[in-house]
Structure formats: C-alpha cells, structure tokens
4 protein chains.
Amino acid sequence: MRMEPKKAIPSMVKDPKLIEKRREQIVEAAVELFISKGFHKTTTREISRASGFSIGTLYEYIESKEDVLYLVCDAIHQNMERGLKEVLVNGVSGAVMLKAAIEGFLRVMDEMQDRVLLIYQEIKSLPKDTMKYVMAKEEEITSFFEEILHRGRKDGSLNIDEPLVKLMAHNIVVLGEMWTFRRWSLRKNYTLEQYTEIQTSLILHDLTGK
Amino acid sequence: MRMEPKKAIPSMVKDPKLIEKRREQIVEAAVELFISKGFHKTTTREISRASGFSIGTLYEYIESKEDVLYLVCDAIHQNMERGLKEVLVNGVSGAVMLKAAIEGFLRVMDEMQDRVLLIYQEIKSLPKDTMKYVMAKEEEITSFFEEILHRGRKDGSLNIDEPLVKLMAHNIVVLGEMWTFRRWSLRKNYTLEQYTEIQTSLILHDLTGK
Amino acid sequence: MRMEPKKAIPSMVKDPKLIEKRREQIVEAAVELFISKGFHKTTTREISRASGFSIGTLYEYIESKEDVLYLVCDAIHQNMERGLKEVLVNGVSGAVMLKAAIEGFLRVMDEMQDRVLLIYQEIKSLPKDTMKYVMAKEEEITSFFEEILHRGRKDGSLNIDEPLVKLMAHNIVVLGEMWTFRRWSLRKNYTLEQYTEIQTSLILHDLTGK
Amino acid sequence: MRMEPKKAIPSMVKDPKLIEKRREQIVEAAVELFISKGFHKTTTREISRASGFSIGTLYEYIESKEDVLYLVCDAIHQNMERGLKEVLVNGVSGAVMLKAAIEGFLRVMDEMQDRVLLIYQEIKSLPKDTMKYVMAKEEEITSFFEEILHRGRKDGSLNIDEPLVKLMAHNIVVLGEMWTFRRWSLRKNYTLEQYTEIQTSLILHDLTGK
DNA sequence: GATGAATGAGCCTTCATTCAT
DNA sequence: TATGAATGAAGGCTCATTCAT
C-alpha cells in the first residue's frame, strides 16, 4: 500500500514537534465537534476552546478553517490505514487473506462509523485542490483490496477476471461504508457479526464458488 | 410502494396552484446552486435571483432556507420514484423483474447522479425533524427492491432466504448510489453499461446460481 | 371643553360612511394588538387580518402604519372624553363637582388602563407633526379640570390661587395616569376605592382645608 | 436603600475593566440615540459607530440589541440613585429631610428629564424577564421616600398614617416624573423653582398641617 | 372597492481572520 | 509562542408598502 503525499500546511511556528503536538490537539477537538455539529456549524472559536488554547494560537498552526477539516480527514484516514494493516496476515492464500481483510475492515468501519460518515459528508467543503489529497486516500484503501484480489488471482485461490478486480475492490469498500451510512436501517435488522458473515459469504461465493 | 407523507411547509400565499408553480421555480434554481456550490455556500439571495424573483417573494413560499433544501430533496426523490415506477414490468417472474429493475435503477441513478450526491451530502443540514421525512423516502426505495425480491422468492425464480431479503435490497440500492459517489474512480474504468452488466450478473449469480 | 381639530387622514375610498366603518374595525383590531405586543412589534398584516380584511384594503383607508396609531390614540381619547362628560353634574358647587369629577375620572382611568398606558408608551412613535394632535387632547383633559377649579374658585367653594389652578389640574390628571402606569405597585396595596378616597381627600384637603 | 441585583450580561471579552469601559462607551452613545430616535429606530450599527467601534466589537460586549437598552436603563437608574443619595442630610428631622429630598429629587429629575422619559417609553421593549430588574429599581426609588416618611412618622415631625406612607411615596415620585413627561405644558407655566416650591408646600401641608 | 402577490431596503447578528501586545 | 480584542463582510429574514387584477 503506497502512501499518498500529504498536503503541507504552513505554520507560523518553527518547532515541528510542537506543530505535531498542537495539531493533534486540534484534530482531537475538531473531530468531536464536526461529528456532533457538522463542519459548517462548528466555529473556529469552538475548535480553539476545545483544543485548549486561544483562537490566536489556533491560527499559528493552520491557515484557514478548512485546514482543520483536512487535518481531521487525514487523521481519520491514518487511523483507518493502521486498522487495515493490522489485519494483514502473511503466508496465507489470497482467499484466506481476503476473508480476514473484509472482517477486519468491517470491524474498523464499525468502530469508526462516525468518522467515516464525517469524511463522506464534509469532504465537499474542502477546497477543490485539497479534496484531491483526501480522495487519493480513498483510492488507496480501494487499492488495498485490489492487491489482495490480485494476489488471490495469482495464487489461484480466487476466481476473478482482471477487469473485474477494481470493481470488486470498490464493492468491498462500499460494503464497509454502507454499514456506516445506512446504519439507521441496517442496525435495526442485523448485528455487525451477521452483517459481516452474510456479506463475506456473498463475496466469497462470487469469487470462489463456495 | 407506499407513499410517505410529505412535510407541509406553510406559505403566506393562498393560491395552491401558484405555490406549486413558484416552488417548482425555487427547486429548479436551488438544485443547480446546491450542486455547484453546496447548500451552505448558496445564499438565499442567490436562490431568489436564480428563481426569477425577489428575496421577499422567496420568503412568501418558504419559511427558512432549510425549507428549500427539503423541497429540493423531496423533488429529487419524486423524480427517482417516477423513474423507478416506469421500470416495473408486470406479468414476468421476479428474477426477470429484478434484472429490469436494477438496470432501470442504475440508469436513473446515472441520470441523476448530481442530485443523488446532493441528497447524500446535504441531508444532515436538515433540521432533525425534517430529516426523517427524507430518510423515509430513502427507506421507501429500498423497500421497492425488497418487494421484487419477495415476489421472486415466492414464484421460485429467486433463491433467497427471508432474512437476507432486506440486506440484499440495501446492497442493490447501494450499488446505485456508489455509481454516483465513487464516480471519480468508477467512470475511469467502466462505462455505465459495463458497470450494469457486471453488477447485475453478480447479483443474479448470488440469487439464481446462474 | 373645546374640541381640538382632528388630523385628516386621506383615503382612497369616497364613501365617508364606509370610511368610518372600516376605520372603526381597524381601531378595534389595532388597539388589542398594540396593547398586547406594542406598536412596533405589530405588523400591518396582523392589523388587516384582525380587522377582517386584506392588507390591500387596509391601505385604502390609511396611508401608513403610523396613521393607525393616530387613529387608535384618537379613539381612546374620544372614549375618555365621553367618560368625563358623563361625570359632569350641574347646579352644584365647584367643590362638589370636583369631587365627582375626580371619582369619575379615576373610574374611567381604571376601566381604560391598558389604553391609557398605550398612549403613554407609543405616542413618541407618531410623526412629530401628528403627535401634536394627540398632545392637544391631553391638554384638553387637563383643562377640563382647570375649568372646574375655576368655577370653584369663583363660587368660593374652592380656596385656590389663580396661578395654582393649572398645576393642580395637572396634578389631578397625573393622579389618574399614575393609577395606570404604577399599577404594578399600587394594585398590590390599594383598591380603586381606597385609592380614590385617599387621593380625593388629599386634594380637597388642600383646596378646602377640610 | 437596598441595592437590587443586576442582570449579568455575558461578554466574549475576558478583561472586566475593558468590559466596563466599553459598556460605558456603548451606554453613552446609545442614550443619545435612544433619546433622539427611540429604541426601535436606532440601529445596532448606529450604536456601534457612535460608540467608536465596529459592529463586531459591539457584539463582543452584548448579546442583543435589547441588552443595550438594559445597560442604558441601568446606567440611568444608577445616576438617579447617586443624585438621590447626595441629597440625604443626616441629623435632622424627617420633615426637614423630606423637604430636602423632594427638592433634590426634582433637581435630579430636571437634569435627567430626557433619560427618565426614555425609561418610561422604552421599558416595555425589554424582554419580560429583564424588565423586572428595571422595575425593581423603580420600586427602590419609591422606597427611598417611604423610608424618609417613616422616619418623620417616628420622630413626630410628620403626621401620616401608616397605610398612607406607601401611597404618599408614590405621589412624590410621580411628582418628579410628571415634571419630565408633562414638560410640554408645565414648562410653559412654571419654572423648576416654582414647581418645586408649590409641590413641596402642598406635600408638607398635607403632612404637617403647615 | 377589495384583494393579495410582489418588492427590496434594511435589520440584527455571526464568525473567520488579523495583529498588536 | 501565545493571547484575545477588534474587524466588517456577509447572511438570513422581515415587513411596510405598492399595484395589477
């Protein structure tokens, strides 16, 4: 999984350690606020207050409110990536790996549902330019599954045509996202375990015939 | 497909015909604006101007900016419903009907992609109360596919367990939505026809074994 | 009691009977609204609705919202005058007449408290020009008591110097007004009868020594 | 004279000294504007401009336009209190004290006539809740005279029955207010000195027989 | 005469951002 | 580095008044 370049956000402060620390505070505060009130209804004052410092200080570490949104999206993606990497088991067939990856992915999506939803709903508020960085991350996650599918294709454990790989990877990712943004209905009818079990077996049925 | 009740938006104007006409103008203007700039960045003045009348007149037909968003969401859903209904063929098996419905649904989603996206991204800006009306519509669409699946189950043309019906309906709807909100990637790799063909065959493979 | 000239308010309508009728409707509706919400917070729409006709019709009988306020003030003053005139007894001494007049005046003020207050609080919203007409009415009421005092002075029943007459008249009128605009405190401690009794005896004590 | 609690108006600014200073500027500017144009016809922009800062800054020190009105009323009352306190002479009989108090009170009312009028005419524009604070001040002033009357009653210098005390205190206060809100007529006929002399002697005549 | 839809100036308030300390 | 007071453009909404029907 190749890492996408980050967007560099200028800061008035020199010390990189401090920048990192402060931005962590900002993100932690902002995530909660964005989730509960949305990006537009959250004020910079609220962000600075919840971050534990003044509005002036906030602007020492960012250049605009939208930077905070970028920082937040980026941090969320980082978390997702961490969760995905933990799931990877080596020395097994692509099929086995896929099953584990889907299960792990759905577990991560379940834990991060509010954050996933946040990205989906607020991404459009990013400047066109910045949005690309975030979309790239999204693509990265898709390619995570693409790679597993490829591996299974090569080792013969998965029965899938080349042109189908990309789409199937999308399907899997959407499976996870749908658990977050259709939760109002899905939760009423299925537990995470049930959901995982059914969706996994549908996918594997398609790809292995079993 | 049972119709959900609409939220009644009070108007200062008495003539219902006129209300309908003006609200159509409002919706037409607002959809474009919301799609291109987003709900929050669109001003009420812009809406009124694009609708062809003054800000005062706009407020004769709505009570708040959020009402416009509701009107827009409602109109979009109505269009979707119309599209879906046209697709229904009678006197055929559930399986055949499902295939046609998916194709038709994807066609509709493709035509309305911007609008579908709009609903997904701005729905959270609706007052909690109003949001329910819009979510109900969303559920309605899902149940459209649920009913087809049920019919196929009964006539034996579809092989699906009862508890799976709801989830499969969701899967199908998400299939359509994903064509709109992952278009940045899907379009690069698949045409609508390819997408339809692959997804339909995956679904039918799951449900008919063929 | 010489009548002050009224301000003439132009109307689009020719029939004077109709004008009078409509304006009565307007006043009746507006008084209630002004009392409960104040002049500024009452809209012309509300006035027309409460009057029983459309906003367009309202403006056939007035030229501005302030005209309504004038109409209202004028009607209230007319009522007060009517009340005062009823109180006048002839063929008695000035002292007896004064006692009766004060009692009657206080009764009228008690009955019309909300309206009296209304004039006091909203009079400043009248155009400078129009305000004069209303102030003149106020002066008229004062001179009502002035005349009684004069009569008592002449017939020897009241012991009062000429230059004191005007001030005493004012004092009496203010006595009545104070029952309306200090009611939040006076009502807690005195009934109208007690209030009347005390104030009357204070006045008469000053003017007759008894 | 027991002090009534003030209504606390939240401010975005932390420094209490600065808050006080800025609010003084606001009050100074707003009093003039309210007197000349009335509360409703004065805009917040005018207030901020006349205060010497921007509209944004104005709202750092208040939460709503009505807060300004409260601030203004409160400041006026404070001035009145200061004026009243200066008038108090100790070590004298209640009767002597009363005479001095009335004279002082009328002098204060004369100096502050526009402001007194302002309170009377705009108090109703305050939120019900806030109005109570202002009314309490009004009561406070009445009780200032009540106390003097009580003292005179106790030391035998004033001849007044207990139940009459409250009403007489009201009468005195109204005497002062009437000098402001009937000035259009009183000024034409009496100077402040004449007015004071006559009213004082009427009161004292009632209370001492002299 | 009556109606009521249309108008738009103008109001109060918010909030991202700056900059002197 | 940190602070927080100051700024003012901009936004949502109201309402007195007009005028075509």
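The values are calculated or read from the model by the stated rules, or taken from the named source; none is laboratory data. Note that the structure is predicted; figures quoted are calculated from it, not measured. Cβ coordinates were reconstructed from backbone atoms using ideal geometry, including for glycine residues, and neighbour counts include every protein chain displayed. Each accessible area value is taken on the protein alone, full model and side chains, heavy atoms only, with ligands, DNA and RNA left out. Shrake-Rupley method; radii C 1.70, N 1.55, O 1.52, S 1.80 Å.
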So between D:GLU162 and D:ASP110, what do we pick up on full extension, going 0.36 nm a residue minus the alpha carbon distance? 15.7 nm
Output the 0 to 90 degree angle, nearest 10, between the alpha-carbon long axis of helix D:94-111 and the longest principal axis computed from the alpha carbons of chain D. 30 degrees
On the protein heavy atoms, probe 1.4 angstrom, tell me the percent of accessible surface of chain D carried by carbon and sulfur. 52 percent
Could you compute the FRET efficiency for C:ALA100 and C:GLN78, with r as their C-beta to C-beta distance and R0 at 22 Å, rounded to 0.05? 0.55
Could you give the radius of gyration (one decimal) and Dmax (whole number) of the Cα atoms in the protein assembly as shown, in Å? 39.6, 129
Which distance in nm do the two modelled labels at A:TYR59 and C:THR57 give, with both placed 7 Å along the Cα-to-Cβ direction? 5.7 nm
Between C:ASP129 and D:ASP155, the two model label points (7 Å from Cα along the beta-carbon direction) sit apart by a distance in nm of 5.7 nm
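Just need the relative contact order of region A:1-117 here, percent rounded to a whole number, with Cα pairs under 8 Å and 6+ apart. Show your work: numbers first, answer last.
Numbers: 82 pairs, mean separation 29.0, N = 117.
Reported relative contact order: 25 percent.
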Computed over chain D: longest principal axis from alpha-carbon atoms vs helix D:128-154 long axis, angle to nearest 10 degrees, is 20 degrees
In Hz, Karplus ³J(HN,Hα) per residue of region D:51-62 (6.51, -1.76, 1.60; θ = phi - 60°; x = Gly, Pro): 7, x, 9, 7, 4, x, 5, 3, 6, 7, 10, 9
Chains D and C: how much accessible area gets covered up at their contact, both sides added, probe 1.4 Å, in Å² to the nearest hundred? 3400 Å²
Extent along principal axes [Cα atoms of region A:154-210; Å; largest to smallest]: 38, 21, 13
Distances in nm between the label point of A:GLY52 (7 Å along Cα→Cβ) and its equivalents in the other copies, shortest first, are 4.0, 5.8, 7.1
Spin-label point model (7 Å from Cα, Cβ direction): what's the A:ARG49 to A:LEU88 distance in nm? 4.4 nm
Is region B:59-210 rounded, prolate or oblate when judged by the Cα gyration tensor, a ≥ b ≥ c being the square roots of its eigenvalues, rounded requiring a/c under 1.5 and prolate requiring a/b larger than b/c? prolate
Using the Cα gyration tensor of region A:77-122, with a ≥ b ≥ c the square roots of its eigenvalues, what is the shape: rounded (a/c below 1.5), prolate (a/b larger than b/c) or oblate (neither)? prolate
Defining a contact as two alpha carbons under 8 Å apart and six or more residues distant in sequence, what relative contact order in percent does chain B show? 23 percent
Nearest-10 value in Å² for the accessible area of B:ASP129, using the 1.4 Å probe: 90 Å²
Phi-derived 3J(HN,Hα) across region A:178-192 with the Karplus relation (6.51, -1.76, 1.60, θ = phi - 60°), rounded Hz, x for Gly and Pro, is 4, 4, 8, 8, 10, 4, 3, 9, 4, 4, 5, 10, 9, 8, 4
Which of the residues in region B:30-79 show a loss of at least 30 Å² in accessible area from their chain by itself to the complete set of protein chains, at a probe of 1.4 Å? B:HIS40, B:LYS41
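Give me the compactness ratio for region A:1-115, meaning the Cα radius of gyration over 2.2 N^0.38 Å.
Dividing the Cα radius of gyration by 2.2 N^0.38 Å gives 1.28.
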Gap separating the Cα centres of region C:180-198 and region D:121-170, nearest whole Å: 13 Å
Could you work out the helix-only [θ] at 222 nm for chain A, with each DSSP H run of four or more residues adding -39,500 (n - 2.57) and the total divided by the number of residues, to the nearest 500 deg cm²/dmol? -25500 deg cm²/dmol
Nearest-first distances (nm) between copies at C:GLU86, label 7 Å from Cα via Cβ: 4.9, 7.5, 8.7
For the axis carrying chain C to chain B: nearest C-beta residue of C, whole Å: C:GLY56, 4
accessible surface per residue for chain D, probe 1.4 Å, DNA/RNA/ligands not counted, whole Å² -> 46 Å²
How many nanometers, to one decimal and shortest first, lie between the label point of C:LYS188 and those of its other copies, if labels sit 7 Å from Cα toward Cβ? 3.8, 5.5, 7.7
